[in-house]
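*Asks:* Provided herewith is a single structure, encoded as structure tokens, for subsequent inquiry.
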Amino acid sequence: MNKVTSQVIDLLDMIGVINFRLARHDCGVAISDNIVNQISHRVELYVWSCLSLHNYDPRNSLHHQ
């Protein structure tokens, strides 16, 4: 995950994004937490999204396509 975190931060730097808002969900939780740990001074808002608003149906999941 640290490599992906570094790549995301490098991309933000390359495209000139200084401050940003970050939302995390599902698989992105570890990466988002690492980003906040490394460059928290650049994160204006950090939103945690863990709540499922619907019943899980594997027929509608991209993981099962």
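We did not get these values from a lab; they are worked out from the coordinates using the rules stated. Predicted model, so just to flag it, every value in this text is computed and none were measured. Every residue, glycine as well, gets a Cβ built from its backbone with ideal geometry; the counts of neighbours run over all protein chains shown.
*Asks:* What number of residues within segment 27-46 satisfy the criterion of being surrounded by 12 or more Cβ atoms within 10 Å (Cβ to Cβ) and assigned to a helix (DSSP H, G or I)?
*Replies:* 12
*Asks:* Here's something else I'd like to know. Name the residues in segment 1-26 that are within 11 Å of the chain's Cα centre (by Cα), surrounded by 10 or more Cβ atoms within 10 Å (Cβ to Cβ) and assigned to a helix (DSSP H, G or I), would you?
*Replies:* Passing the criteria: 4, 5, 8.
*Asks:* Can you give me the number of residues within segment 5-30 that are under 14 Å from residue 49 (Cβ atoms) and among the charged types (D, E, K, R)? Steps first, answer last, please.
*Replies:* Applying the first criterion (under 14 Å from residue 49 (Cβ atoms)) to segment 5-30 yields 21-29.
Filter again for among the charged types (D, E, K, R), leaving 21, 24, 26.
So the count comes out to 3.
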